[in-house]
Amino acid sequence: QVHLVESGGGLVQPGGSLRLSCAASGSTRSIDAMGWYRQAPGKQRELVAIITNRGRANFANSVEGRFTISRDGAKNTVYLQMNSLKPEDSAVYYCNAKTLSNVYWGQGTQVTVSS
């Protein structure tokens with residue numbers, strides 16, 4: 001089992017920045033990749049960014065060049081640095097961890113981009 005706890009969401013003005021953190025605990029050695037998804041009201045959950053345990057990262061086209069993802073293996077923590085935020089980035093952001101046989105989710109953290 002892997003337990004994920006997110007932090008760092010909040011309200012920010014357009015053009016601002018936020019950093020989300022996700023700390024993993026439990027069977028962290030089994031994690032192959034960690035990432036972030038988001039879900040806005042009335043929309044499906046979508047991939048934002050993902051990073052493998054070898055450091056390979058992929059991003060949604062909508063956030064490419066604005067968001068970065070990093071991982072601290074010693075702390076079992078993944079970070080999502082969000083810059084140049086837009087109102088359309090507003091959503092609940094969920095941390096995700098993938099193992100060979102399971103997918104785990106955090107409880108979600110709200111990000112609101114509004115003036």
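Are any of the residues in the range 85-99 under 11 Å from Met34 (Cα atoms), of a type in the set (D, E, K, R) and without any contact (Cβ under 8 Å) to a residue 12 or more places away in the chain?
There is no residue in the range 85-99 that is under 11 Å from Met34 (Cα atoms), of a type in the set (D, E, K, R) and without any contact (Cβ under 8 Å) to a residue 12 or more places away in the chain.
How about the range 46-72: which of its residues are under 18 Å from Arg19 (Cβ atoms), open to solvent by less than 60 Å² (accessible area, probe 1.4 Å) and either small (Gly, Ala, Ser) or in contact with a helix residue (DSSP H, G or I) (Cβ under 8 Å, 6 or more places away or on another chain) (or both)? Steps first, please.
At the first step, the residues of the range 46-72 found to be under 18 Å from Arg19 (Cβ atoms) are 48-51, 57, 59-60, 63-72.
Within this subset, residues satisfying the condition of being open to solvent by less than 60 Å² (accessible area, probe 1.4 Å) are 48-51, 57, 59-60, 63, 66-67, 69-70, 72.
The answer is Ala49, Ala57, Ala60, Val63, Ser70.
Given the conditions (1) open to solvent by 40 Å² or more (accessible area, probe 1.4 Å); (2) over 15 Å from Trp105 (Cα atoms), which single one is not true for Ser27?
Result: Ser27 fails condition (2) only.
Which ones in the range 73-112 are more than 14 Å from Leu4 (Cβ to Cβ) and surrounded by 20 or more Cβ atoms within 10 Å (Cβ to Cβ)?
Scanning the range 73-112 gives Met82, Leu85, Asp89, Ala91, Val111.
Look at the range 1-38 and say how many of its residues are within 18 Å of Thr112 (Cα to Cα) and of a type in the set (Ser, Thr, Tyr).
The qualifying residues number 4.
The values are calculated or read from the model by the stated rules, or taken from the named source; none is laboratory data. What you see is a predicted model; the values in this text were computed from it and never measured. FYI the Cβ positions are ideal-geometry reconstructions off the backbone, even for glycines, and counts take in every protein chain you see. Protein only, heavy atoms only, side chains kept; ligands, DNA and RNA dropped before computing areas. Shrake-Rupley method; radii C 1.70, N 1.55, O 1.52, S 1.80 Å.
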